[in-house]
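Taking it in order: structure first as structure tokens, then the write-up.
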Amino acid sequence: MSSHKLCMIPGPIEFHEDVLQAMATPATSHVSPTFIPALGESIELLRQILFTSGQPFIIAGSGTLGWDMTACNLIEAGENVLVCNSGYFGDRFGECLETYGANVTHVRVPIGDAPQLEAVSAALQGKKFKAITITHVDTSTGVLADIKSIAEIVRKESPETLIVVDGVCSVGSEEIRMDAWGIDVVITASQKALGAPPGLCVLGVSERAIGIFKARKTPVANYYANWNRWLPIMNAYEARKPSYFATPAVQNVFALHVSLKQIVAQGVEKRFVLHKEASAKVKKVVHDLGLKLVPTGLDHAANGMSAVYYPEGVAGTDLLPKLAAHGIVAAGGLHTEIASKYFRIGHMGISVTEPQRGHIDATLNALKSSLAECGYKVPQ
């Protein structure tokens with residue numbers, strides 16, 4: 001591991017050595033008495049992290065599986081869905097919904113802007129929507145949506161509409177209170193601020209959404225993602241009983257279990273604060289270097305990542321290899337319209353909550369040095 005470069009991208013992130021050790025366990029049956037409580041307690045811990053009394057799911061797959069699970073279980077062909085679109089992942093969620101026959105309306109914003117409350121309100125006046133989806137942090141732009149205020153508008157103007165949050169790049173680093181804010185679905189994955197390796201799709205689903213799912217008129221048009229198959233599995237493991245539909249990713253669940261226990265032990269509220277502080281530190285250095293963020297205002301810039309435009313005269317093909325030479329892996333751009341114009345840094349998980357590791361300082365120092373090696377001079 002001495003040659004390991006810090007993975008400072010917006011996921012996968014660096015994870016704790018105890019999480020790494022959990023991945024190194026011997027072959028273990030998915031109905032082993034050592035595994036059953038790990039999955040069962042992980043479901044319970046997720047309720048604390050999401051502030052919900054609803055139903056968590058932990059399924060082998062990426063965060064993208066959460067789109068499929070939401071779309072195929074809650075939306076029936078011909079129903080209307082409103083997508084609050086702040087970047088690449090809003091586009092892709094919309095595509096997923098259309099795959100299952102949804103009529104999708106996008107509320108789009110210019111690159112770097114957050115969804116506007118007035119636009120959401122106006123869209124809700126036009127037609128009845130089965131659901132609204134909001135990308136909490138669009139990983140392509142680093143834009144943070146105000147899900148609490150959007151949810152308030154939906155509950156006031158269209159209370160029957162399900163509120164779905166894509167929290168893949170926000171759960172664990174941004175404040176989310178499912179029950180208090182009236183959110184019906186939160187989608188996330190193991191590899192970002194939940195601090196575990198890639199491989200698990202994680203959802204929180206409200207009791208209301210489960211009820212709507214059970215009352216659907218048509219069969220679920222999916223086999224693997226069908227909640228009729230997964231609900232009994234989740235219920236059984238939470239009751240500490242073995243059950244089987246498809247083999248869980250045993251080692252991934254062991255790793256997630258360790259990380260979730262760490263998160264709850266530290267305190268979810270404290271993590272919100274620590275990520276805000278780390279984000280402010282990173283964004284101050286970015287500003288002091290004369291660089292510009294992709295988000296058009298700090299009030300809607302994510303706390304778990306920063307998307308930053310390259311300065312004039314510096315290309316990603318020059319800067320990113322230099323960062324890597326300093327031991328830091330950063331990510332290039334992802335938004336199709338500006339992909340070559342910016343880069344992305346992740347600041348989530350132990351890199352934030354255990355500052356003694358020096359990950360943030362090492363990244364910022366490497367950025368300063370790499371820019372200088374590119375011939376960039378900080379404006380005076």
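Taking the numbered list (1) of a type in the set (S, T, N, Q); (2) surrounded by fewer than 16 Cβ atoms within 10 Å (Cβ to Cβ); (3) assigned to a strand (DSSP E or B) in turn, S149 passes all entries but (3).
Here G167 clears all of (1) of a type outside the set (D, E, K, R); (2) in contact (Cβ under 8 Å) with a residue 60 or more places away in the chain; (3) in contact with a Ser or Thr (Cβ under 9 Å, 6 or more places away or on another chain); (4) buried (at least 18 other Cβ atoms within 10 Å of the Cβ) except the condition numbered (2). Taking the numbered list (1) modelled with pLDDT of 95 or more; (2) in a loop (DSSP other than H, G, I, E, B); (3) in contact with a helix residue (DSSP H, G or I) (Cβ under 7 Å, 6 or more places away or on another chain) in turn, D68 passes all entries but (2).
Results for (1) over 22 Å from the mean Cα position of the chain (by Cα); (2) more than 21 Å from L74 (Cβ to Cβ), shown as yes or no for each residue.
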| residue | (1), (2) |
| --- | --- |
| E98 | no, no |
| G112 | no, yes |
| Q116 | no, yes |
| T141 | no, yes |
| E157 | yes, no |
| G167 | no, no |
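When the residues of the stretch 228-282 are filtered to those that are farther than 16 Å from G349 by Cβ and basic (K, R), the one that is nearest to the chain's Cα centre (by Cα) is R229. Quick check on the stretch 80-92. Is at least one of its residues in the same structural domain as E41 (by TED's automatic domain parsing), part of a loop (DSSP other than H, G, I, E, B) and crowded, with 22+ Cβ neighbours inside 10 Å? Within the stretch 80-92 (the criterion being in the same structural domain as E41 (by TED's automatic domain parsing), part of a loop (DSSP other than H, G, I, E, B) and crowded, with 22+ Cβ neighbours inside 10 Å), the answer is yes, since at least one residue qualifies.
Looking only at the stretch 179-200, count how many residues are crowded, with 24+ Cβ neighbours inside 10 Å and not in a loop (DSSP other than H, G, I, E, B). Count: 6. Being in a helix (DSSP H, G or I) and of a type outside the set (S, T, Y): is that true of G211 here? So G211 passes the test.
Taking the residues in the stretch 324-349 that are hydrophobic (A, V, I, L, M, F, W, C) and in contact with a Lys or Arg (Cβ under 8 Å, 6 or more places away or on another chain) as candidates, determine which candidate is farthest from D138 (Cα to Cα). I'd like the intermediate steps shown before the answer.
In the first step, residues of the stretch 324-349 are kept if they are hydrophobic (A, V, I, L, M, F, W, C); the result is 324-325, 328-331, 334, 338-339, 343, 345, 348.
From what's left, in contact with a Lys or Arg (Cβ under 8 Å, 6 or more places away or on another chain): 324, 328-331, 334, 348.
Values: A324: 24, I328: 22, V329: 20, A330: 17, A331: 14, L334: 10, M348: 15 Å.
Here the answer is A324.
Screening S279 with (1) within 30 Å of D68 (Cβ to Cβ); (2) in contact with a His (Cβ under 8 Å, 6 or more places away or on another chain); (3) not assigned by TED's automatic domain parsing to the domain that holds G63 gives one miss only, at (1). Of the residues making up the stretch 32-54, those that are outside any helix (DSSP H, G or I) and loosely packed, with under 14 Cβ neighbours inside 10 Å are S32, P33, T34, S53.
Conditions tested, residue by residue: (1) assigned to a helix (DSSP H, G or I); (2) on the phi > 0 side of the Ramachandran plot; (3) surrounded by 22 or more Cβ atoms within 10 Å (Cβ to Cβ).
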position: R271; (1), (2), (3): yes, no, yes
position: L320; (1), (2), (3): yes, no, no
position: S340; (1), (2), (3): yes, no, no
position: M348; (1), (2), (3): no, no, yes
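Evaluating A307 against the criteria (1) touching a strand residue (DSSP E or B) at 6+ places or on another chain (Cβ under 7 Å); (2) surrounded by fewer than 17 Cβ atoms within 10 Å (Cβ to Cβ); (3) in contact (Cβ under 8 Å) with a residue 24 or more places away in the chain leaves one unmet condition, (2). Only a single criterion out of (1) part of a helix (DSSP H, G or I); (2) among the hydroxyl-bearing types (S, T, Y); (3) surrounded by fewer than 15 Cβ atoms within 10 Å (Cβ to Cβ) is not satisfied by S259, namely (3). Which of (1) without any contact (Cβ under 8 Å) to a residue 60 or more places away in the chain; (2) farther than 17 Å from E373 by Cβ is the odd one out, the single condition A315 does not satisfy? The one condition A315 does not meet is (2). Just one residue in the set V168, V253 is in contact with a Lys or Arg (Cβ under 7 Å, 6 or more places away or on another chain) and of a type in the set (A, V, I, L, M); that residue is V168. Among the residues examined, F129 does not qualify as aromatic (F, W, Y) and either surrounded by fewer than 17 Cβ atoms within 10 Å (Cβ to Cβ) or not in a loop (DSSP other than H, G, I, E, B) (or both). Could you tell me whether any residue of the stretch 283-304 is within 16 Å of the chain's Cα centre (by Cα), more than 24 Å from M23 (Cβ to Cβ) and part of a strand (DSSP E or B)? Yes; the residues of the stretch 283-304 include at least one that is within 16 Å of the chain's Cα centre (by Cα), more than 24 Å from M23 (Cβ to Cβ) and part of a strand (DSSP E or B).
The values are calculated or read from the model by the stated rules, or taken from the named source; none is laboratory data. Quick caveat: nothing in here was measured; it's all calculated off a predicted structure. So basically every Cβ, Gly included, is an ideal-geometry build from the backbone, and we count neighbours across all protein chains shown.
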